[in-house]
Structures are given as structure tokens and as C-alpha cells.
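Novice: The structure is given below, and queries will be raised subsequently.
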Amino acid sequence: MQINKRIKNKRLFLIVAGIATSLFFMRANAQSYKPTYGSAFAGSTSIFNNPASSVNQSFKWEATILSAQANINSNLFYVQNDSIGVHEGMFPKYFHGNVDVNLLNLLYKPNNKQAFSVGIRARTFNHIKTEPLVAVNGIKSMHEFFKLNRQTPYLEAFVTHSGWLETNLNYSQEIFRDQKSTLTAGLTLQINKSISAAYATVNKLSYLESTNGIDTLYTLTAGGASFGYSSNYDETVAGTANTGTDFVKNGKSSFGLSMGAEYLLYNTESHSFQTNHALNYALKIGVSIMDIGGVSYKNTVTSSLFNGVRPNMNDPLISGKTTGIQNSDQLRDSLATIFASTTPMPETFTIAKPTRFNLNIDKPLGNNFYINADLTINMHASAGLTKRRVRDLNLITVTPRYETLHIGVYMPVQYNTQGQLMLGGAIKLGPLTVGVHRLRWLTNSSNMDNGSGGGYLMLSIHPMSLKKIKTIIDCPE
């Protein structure tokens, strides 16, 4: 029994550590690659916005050795005088974040009409969202929380975490060309390997306040809940040399797809030997549908759905039942004594990927200056009570940039899906590109109305001679 208890405790530790690691990386490296969208120097990472863009890159070959990015959006926390506080008042609370780490991405163009790209990518999306409720700093008990929210009609919230490894196999090619324009199209096949997933819901949980002298009780009247996580936490022994390998081995495989097209208009006044290449376009328009499909996971045996409420479930009794829980078995058993019915979850579950439509327009202004506009429309919301799915956080971004082969300065202005307006910045110095999603993190991080923002980096190698690049792309075929 003692050995079995230690194994269960390690399982709980693995779940918490997995989600905590995702949140840590979201605080350490927050940004997206939007500053480089539309750029002919973006290399293999350009396919993360449009699979058709790889054939329109200026390099014959390129390798992104390492890149890391993320997005954080939350209305729950604020920073004042280097102290973190919680926004009070009754309103919906949310925390959304995604991270990806690209281990290696390679791009190769055998000619100006075709391009191949392959890469390995680790991705995680995390969503926490509640219906309107009151939250303050320093809540110490369930009783205090119920008291603060006694005017709340009901409590409702969800948590969704999905993490996976992804291999991207991209092909793009020219579809049409004349002296004034070029149309290209591309596909990216995504081979997914599930790594980590967890979910939880609180569904319309309501309660009544009753007073007897100086004693006040809060008693549940209706509602439901659920929780679950991927079974590779159970099948992996924490602390062993093979922990990471076992997580991959015990994951499930699935497939996804991204597709897109790019249309390039050229300056008709250019000499004939300068037309129709990656650098001298007058306007570039791209459309794409990204991340079609989902990631499949195997449910742990303790994943359960709870409905109804047993009689006389008040806050002291609930606190006693939920105090000291050390593993998912104890959590399931405790909730089963609070709710009227307990139903095991199906053996497998799927979390939909962040399927979205992208429209990108890039316009050269002359003298290496450009302006880029990007619109992202999510194909589904992230509501996680009935369906498990994740979504992207971007909406509209306008990025002026100065960019050459060796140097780049980017100033993205982003309005995201949560109604937040942020000014970011990035620079490129040779093979290294670094940036921040919100300049305020650099200029006044000790006082911010919310914690959204962060930074990213990208290290890539490619031909370093623009003359050689132009010689290659200008050659007639």
C-alpha cells in the first residue's frame, strides 16, 4: 500500500509539474512570430502563418536552429510597485496562453517554383475562464469565497490544457505566373504526438446562504463538475531517466493539415530581368486556414463527470472532504461523495487544435521599409464545458518594419481577441531575432494593468550574400 501511495503521489506531481512548466514558459518567452509575417526573409517559420509562403522566400535554403514563442492574455492580475494584485469586482476572469518551441526547421528551394520545408515543434495551449465572479487578494477559505460571491447567480468555469509534439511537412509551388503577378499554393501535413492534457469544469454550481445566530452556512443546491487528464501521467514513473521518453511513447498519434495561397503583384515598371522574384513585389496577399484537426489523448481511469448535488452539502462539510487530497483517486472519491452521480469519462478524448483563418497583406514602401497587416479569425471559441478545444489569441496586427538581409526593426501593434491593444517591438541582428510582445514589459513592468505580454527569440542560418540570392532568384527557368 505504501508503494502504491507513492506512485499515486508521483502521478499527481507529474500532472501539476506538466501544467506548471507550460505556465512558466509562458512567462519566460511570450510573443508570436507576427513581426516577420509577410517577409521574404522569414524562412521556414513563414509556414506558421501561410503554407504557401515557403516558395516565396528569398533563400534557396534556410535552417531555423531554435525558436521559442508564446502569447499571454489575462485580465485577472495587475502589477503595481512590483507587487502582483488581483482585480476585484464581479466580471468574467480569464487566462489564455500558448507556447511553441521549434527544435529545428529546414527550408529548401530546388528552383523558384517549388519549396520543401520540414520541422519539429513542441506546442501547448492553456485556457482558464470563468463566468462573472468576485476575486480578491488573500482569500483563505471556501467559506470566505462563497461569502464574497453570494450575489453570484451560479459558479461556472473551465480549464483546458493541451500539449503535443508536431512534425510539419510542407510543400508549396507556383500555380500561375505572368509578368505582373504570381500565384502560389501550399500544404502542411502535421503529424501530432500527444504529450500532456488536462481539463476541468464547474457547471452552473449554485448555493444558498443560511444564517443561524452568528453562524452562516452556504449549502450547494445544484450543479455539476468534471475533471480528467491524459493517461501517460499514470503510465510514466516520475524521477526516472526515461520520463520524457515514456511521455512521448505513451502518447497517441493524429494528423492535422494547414493550407494556403499567396498572390504577388509586381511593379510593372521594373526591367524584365528584375520581375517575378521574392524581393521586388509591389503587394503580397496571403490567405490560409491553419491547424485543421485535433490532438487525441487517452483518458486516465480517474477522469470523471459529476452531476447533481447530494443533500446538505454545506461549506464546512465540503472543506473537510476536499482537504488533504494528494492524488486523482482521492479527488474522484471525494467529489463522488458531494455529487449525486459519477460517470467515468470515455477511454479517449480529442482536443481540437486552434483552427483559424488568416488574411495577410504586405506592402513595400521603398528603401527597405514595409507595412504588414494580419487578420486572424478563429474557427471556434475556447468554451470548454461541452467541447474541448483551444484557440489562438491573435486578432488584428499591423506591423511597420525596416528589414534587410542582415538587419531588421519591427514595431507590431496588436489588438487581440480579449480587446487588449499592445505595442511590441523586435530587432534582427544577423541570424538572431529577438522581440517583446509588449514594450511596457521593458519600459514600465513594475506598473501594468494586466500581465499580458512577454518576448520571443529565433536563431536561423541562411545564405548571407544578398547578391548571391538575387543571382539565384533572377535566373530564368
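Novice: Collect the residues in region 403-423 that are in contact with a Ser or Thr (Cβ under 9 Å, 6 or more places away or on another chain) and more than 27 Å from M464 (Cβ to Cβ), keeping them in residue-number order.
Specialist: Listed by number, the residues that qualify are V413, Q414, Y415, N416, T417, Q418, Q420, M422.
Novice: Here's another thing I want to ask about it. Taking region 156-174 on its own, how many of its residues are within 27 Å of G119 (Cα to Cα), crowded, with 16+ Cβ neighbours inside 10 Å and of a type in the set (A, V, I, L, M)?
Specialist: Of the residues in region 156-174, 1 are within 27 Å of G119 (Cα to Cα), crowded, with 16+ Cβ neighbours inside 10 Å and of a type in the set (A, V, I, L, M).
Novice: Mind checking which residues of region 154-183 are in a loop (DSSP other than H, G, I, E, B) and at pLDDT 95 or above?
Specialist: Selection gives nothing.
Novice: Are any of the residues in region 134-147 within 18 Å of R391 (Cβ to Cβ), in contact with a Phe, Trp or Tyr (Cβ under 9 Å, 6 or more places away or on another chain) and surrounded by 17 or more Cβ atoms within 10 Å (Cβ to Cβ)?
Specialist: Checking region 134-147: not a single residue is within 18 Å of R391 (Cβ to Cβ), in contact with a Phe, Trp or Tyr (Cβ under 9 Å, 6 or more places away or on another chain) and surrounded by 17 or more Cβ atoms within 10 Å (Cβ to Cβ).
Novice: Pick from region 238-262 the residues that are part of a loop (DSSP other than H, G, I, E, B) and under 21 Å from E347 (Cα atoms): which of them is modelled with the lowest pLDDT?
Specialist: N250
Novice: On to the next question. Here is a check on your reading of the model: is Y402 at pLDDT 70 or above, more than 19 Å from the chain's Cα centre (by Cα), aromatic (F, W, Y) and not in a loop (DSSP other than H, G, I, E, B)?
Specialist: yes
Novice: Here's a follow-up. Answer yes or no as to whether H462 is surrounded by fewer than 16 Cβ atoms within 10 Å (Cβ to Cβ), closer than 28 Å to R123 by Cα, touching a Lys or Arg at 6+ places or on another chain (Cβ under 9 Å) and modelled with pLDDT under 90.
Specialist: Answer is no for this residue.
Novice: Suppose we keep only residues that are over 24 Å from T130 (Cβ atoms) and within 19 Å of the chain's Cα centre (by Cα) within region 190-219. Which one would you say is surrounded by the fewest Cβ atoms within 10 Å (Cβ to Cβ)?
Specialist: Here the answer is I191.
The values are calculated or read from the model by the stated rules, or taken from the named source; none is laboratory data. Worth saying up front: this structure is predicted, and the values here are computed from it rather than measured. Positions of Cβ are backbone-derived with ideal geometry, glycine not excepted, and every protein chain shown enters the neighbour counts.
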